[in-house]
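A short worksheet on the structure shown next.
Read-outs: derived from the displayed coordinates by stated rules, not from any lab. Predicted model only: the values in this text are computed from it and were never measured. Here the Cβ positions follow ideal geometry from the backbone for every residue, glycine too, while neighbour counts run over all protein chains shown.
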Amino acid sequence: MDSFLIQGPGQLNGSIAASGAKNAALPALAACLLTDEDVELERLPQVRDVITMGRVLEHLGAEVTRSTDATPTRVRCHALAADREAPYELVKTMRASVLVLGPLVARLGYARVSLPGGCAIGARPIDLHLAGLEAMGAEVELDHGYVTVRARGGGAKPLAGCRYRFAMPSVGATENLMMAATLAQGTTVLDNCAQEPEISDLATLLRAMGAQISGAGSATITIEGVDRLTRARHALLCDRIEAGTYLIGGVMTNGSVTVTGLDAVHLTPLLEKLSDCGANISVADHSITASGGSELKARDMITAPHPGFPTDLQAQFLALMTRAEGTSTIVESVFENRFQHVPELRRMGAEISIDGNAARVTGCASLTGATVMATDLRASACLVLAGLCAQGDTTVDRIYHLDRGYERMESKLQTLGVPVQRIE
């Protein structure tokens, strides 16, 4: 397995372009299953999860053509959907594979997908997905590690519109049911929806394909079912989590990092918190610059669904607080097991204690290089940032986690002026 070797301390300075959002690419690829016409997606990040989802679509009968030599990267998907089963071997590494359920059942009336199993940061069950599909007239069966969904209705529209309220906001469930509803009979109203920007981006794609959707990005989404969806071309929004990671890195190393190509409003919670900590934040048209201030101050933080502070930036912000003056409390309210990076940070000299879903960080610790192990995608990024601030060499093992969601991270860090090597 590959590792990163980081020679610290280093300082991030310069400008990089944000990649397309992984969390927008995965539902967009699943949406291609809703039509038998070509769908072109631009700005797809070349990360492991996106490649895996492409393989899932190919197994389901889609022709996936990648133009990796183009700028931005473009993928054309022609979903013949000859197969309606996604096996464990393909979906075991990626929770988002469950997103094919809604499109397949809506278009073909049947889907069988392997349950992806647990996750390092929490259970993340798919109950909300299945309950919503049942409300639309589907029958759900769990057996031998697979979930089978059959639509009871016949004809061209096997699913029926309904009113469904999520027990809690779920990004994946909101996306899955929104896609399923596009081809359902009648009107579907989804309440207590997740409001992340990636959901609005998916709605933009679906509308380009001919769907009738209103309210995406708010707590209530209304979908009028249509007879069929057609070809479309869509450029994904940029990755706010990737951008936030590099901006935190600029502040953490007392450098100055500019990320271009994204909408600053999608990062408002992070930018407000960084400013409150004493960082210098500058926002221009489609670019954000963050640099370290004279003295970084410790600040408390609580993760929450959008528009709150994103859980996917919790680990990176916690690493930042190891460099701040004072003591901060980081509360993780979204996932129950998302402090696995803390023992690794302690190995580097960080002073952090855990009490349930809260981490107490005593700042201004003297970090030293060490060999540490990544446990999940965002924990990987957290350890890389810590390595940039540590004295001596840091080796981050198991960076295949990092490759799931960060496109060419070592190249971007080298562009920003720090010597990071990938070791095979």
*asked:* About the Cα centre, and with charges only on the beta carbon of Lys, Arg (+1) and Asp, Glu (-1), how big is the dipole of region 22-235? Nearest 20 debye, please.
replied: 100 debye
*Cα-centre dipole for region 294-336 with unit charges at Cβ (Lys and Arg positive, Asp and Glu negative), debye to 20*: 140 debye
_Antiparallel DSSP beta bridges within the chain, percent to nearest 5_ = 70 percent
*Pop a pseudo-label 7 angstrom from the Cα along the beta-carbon direction at both Asp191 and Thr220 and give the gap in nm to one decimal.*
0.8 nm
*If one computes the Cα centroid of region 257-316 and of region 205-243, what distance in Å separates the two points?*
27 Å
*Please list, in chain and number order, the residues 5+ apart from Ala235 or on another chain whose amide H is under 5 Å from its amide H, with Hs placed from the backbone.*
Glu42
*In debye, nearest 20, what is the charge dipole magnitude of the chain about its Cα centre with +1 on Lys and Arg Cβ and -1 on Asp and Glu Cβ, if you could check?*
160 debye
*Choose one of Asn192, Ala62, Leu34: the residue whose Cα lies farthest towards the positive end of the charge dipole of region 22-235 (beta-carbon charges +1 Lys, Arg; -1 Asp, Glu; about the Cα centre).*
Asn192
*Set of lysines with alpha-carbon distance to Lys412 below 25 Å, sequence-local pairs under 8 removed*: Lys22, Lys273
*Which of the listed residues, Val420, Ala284, Ala358, is farthest toward the dipole's positive end in the chain, when Lys, Arg count +1 and Asp, Glu count -1 at the beta-carbon?*
Ala284
*So how tilted is helix 197-208 from the main axis of the chain? Cα-based, degrees 0 to 90, rounded to 10.*
30 degrees
*Antiparallel as a % of all DSSP beta bridges within region 22-235, to the nearest 5?*
70 percent
*Classify region 22-235 as rounded, prolate or oblate from the Cα gyration tensor: take a ≥ b ≥ c as the square roots of its eigenvalues, call it rounded if a/c is under 1.5, otherwise prolate when a/b beats b/c and oblate if not.*
rounded
*Distance from the Cα centre of region 87-117 to that of region 347-420, in angstrom?*
32 Å
*Expressed as a rounded percentage, what relative contact order does the chain have, with Cα pairs under 8 Å and six or more residues apart?*
21 percent
